[in-house]
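The values are calculated or read from the model by the stated rules, or taken from the named source; none is laboratory data. As the structure is a computational prediction, the values presented were derived from the model and not from experiment. Note that each Cβ is placed from the backbone with ideal geometry, even for glycine, and that neighbours are counted across all protein chains shown.
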Amino acid sequence: MCFDFQLDDARLIVRFENEDMSSKPECEALLTDWIHEAAFNGNTLGFSKYCPSQNVDKIQREHLFTYMKQYHSPDRMVVAGVGVDHEVLVDAARELFDSSKTVWAKDSSLLLHNEPPVDRSAAQYTGGDKRVVKDLSNMALGPSPFPNLAHFVLGFESCGYKDDDFVAFCVLQSLMGGGGSFSAGGPGKGMYTRLYVDVLNRCHWMYNATAFNHAYADSGLFCIQSSSDPSQLYETVQVIVQQFLLLPNGVAKDELERAKTQLKSQLMMNLEVRPVMFEDLSRQVLGHGYRRKPTEYLAKIDAITSADLMRAVERMLVTPPSVVGYGDLKKMPDYARFDRAFAKRSYLELSPNRSAHV
């Protein structure tokens with residue numbers, strides 16, 4: 001069962017986490033949520049995964065039980081184990097999983113009277129703009145000084161993990177790489193990626209620039225997150241836009257091989273960690289119906305050519321841009337200029353002095 005005091009405790013936790021997240025200088029989680037909201041506006045992946053504080057009191061016990069009835073069903077579950085004999089795991093599942101009826105099956109009053117249908121619609125990429133203007137200068141205060149930053153994210157539709165171009169987009173993310181001015185991970189980690197060599201090493205005002213490739217069942221999102229002093233935000237926008245526009249120019253053979261080697265290294269190192277292997281196993285079975293062995297992905301990575309990357313790049317750049325800004329955004333161009341810059345494949349279109357009819 002679910003008692004009122006448990007709901008009250010959960011509401012307090014949600015409110016605290018929302019407040020804590022919005023007051024932290026590290027805002028990657030918020031930026032990731034917002035770029036999805038801009039990219040898939042009003043549908044599926046575009047809905048925030050964080051509950052707005054004003055909605056917390058609206059969620060009652062009936063909502064929770066209805067949600068569990070619709071989504072926490074055996075056909076949507078995987079029981080996974082790493083380092084355990086298969087038969088032992090099966091026996092444990094049979095013994096420990098309760099075969100009796102659920103509480104809502106015994107008492108239908110626990111469910112909503114008008115049960116909403118399960119949303120099985122495919123993700124629809126829209127592109128778009130999300131800006132949150134906020135004074136972040138007070139986050140620089142405290143015993144560990146943090147610079148006053150403005151944050152900018154630019155993304156495009158990539159593809160889902162079942163798509164033939166999925167591995168090509170993974171290699172592209174490895175090629176772009178990036179990180180912060182002082183990234184952890186040991187000497188030389190990612191230092192030859194484009195966002196390090198061509199951006200962080202040359203643009204001293206940029207605090208970080210990192211490429212991400214988010215892949216889902218039916219769509220994906222490739223984006224670059226960046227941060228700089230608010231006074232340099234326009235220059236930061238120019239640099240990131242130019243990095244996307246340089247992609248169709250091609251990739252050198254040694255650069256491609258380095259990106260593929262880096263990706264294979266990350267894949268194998270991650271799978272050395274038991275919790276990561278466990279999660280990978282579960283996700284693969286949920287997504288593909290079986291586990292794809294690492295050797296299968298290694299072979300796919302090795303097979304990627306420059307032509308594969310260029311196909312993925314062109315596929316990405318013909319979609320509308322998705323833009324997020326956070327902080328002091330006085331120096332950030334309007335969305336129409338981003339749209340025009342990629343339509344004409346020229347970062348000069350970002351200039352406020354440039355006519356829309358040029």
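Annotations for the structure displayed:
- For segment 8-26, the set of residues classified as part of a helix (DSSP H, G or I) and without any contact (Cβ under 8 Å) to a residue 40 or more places away in the chain consists of ASP8, ASP9, ALA10, LEU12, ILE13, PHE16, GLU17, ASN18, GLU19, ASP20, MET21, SER22, listed by residue number.
- Residue within segment 82-102 that is in contact with a helix residue (DSSP H, G or I) (Cβ under 6 Å, 6 or more places away or on another chain), closer than 24 Å to MET277 by Cβ and aliphatic (A, V, I, L, M) present: yes
- Residue check for LEU271: modelled with pLDDT under 95, surrounded by fewer than 18 Cβ atoms within 10 Å (Cβ to Cβ), over 30 Å from THR126 (Cα atoms) and in contact with an Asp or Glu (Cβ under 8 Å, 6 or more places away or on another chain): yes
- Selection within segment 1-26: residues that are of a type in the set (A, V, I, L, M, F, W, C) and surrounded by 13 or more Cβ atoms within 10 Å (Cβ to Cβ). The member of this set that is nearest to LEU136 (Cα to Cα) is MET21.
- Flag for MET206 being closer than 29 Å to GLU26 by Cα, among the aliphatic types (A, V, I, L, M) and surrounded by fewer than 17 Cβ atoms within 10 Å (Cβ to Cβ): no
- Among the residues of segment 291-305, those that are within 18 Å of ALA80 (Cβ to Cβ) and surrounded by 11 or more Cβ atoms within 10 Å (Cβ to Cβ) comprise ARG291, ARG292, PRO294.
- A single member of GLU279, GLU272, GLU257 is without any contact (Cβ under 8 Å) to a residue 60 or more places away in the chain, in the same structural domain as LEU200 (by TED's automatic domain parsing) and outside any helix (DSSP H, G or I), and it is GLU272.
- Unique residue being without any contact (Cβ under 8 Å) to a residue 12 or more places away in the chain and closer than 20 Å to VAL167 by Cβ when the list is ALA217, ALA211, ALA252: ALA252
- No other residue among TYR207, TYR192 is of a type in the set (Ser, Thr, Tyr) and assigned to a loop (DSSP other than H, G, I, E, B) apart from TYR192.
- Residue match in segment 37-51 (condition: under 30 Å from VAL103 (Cβ atoms) and among the β-branched types (Val, Ile, Thr)): yes
- Residue within segment 243-250 that is under 27 Å from GLN124 (Cβ atoms), in a strand (DSSP E or B) and at pLDDT 95 or above present: no
- Which numbered condition VAL323 misses (of (1) loosely packed, with under 13 Cβ neighbours inside 10 Å; (2) among the β-branched types (Val, Ile, Thr); (3) touching a strand residue (DSSP E or B) at 6+ places or on another chain (Cβ under 7 Å)): (1)
- If you check ASN270, ASN249 for being of a type outside the set (A, V, I, L, M, F, W, C) and over 23 Å from the mean Cα position of the chain (by Cα), only one passes: ASN249.
- Against the test of being farther than 26 Å from ALA252 by Cα and assigned to a helix (DSSP H, G or I), the options ARG340, ARG311 yield a single qualifying residue, ARG340.
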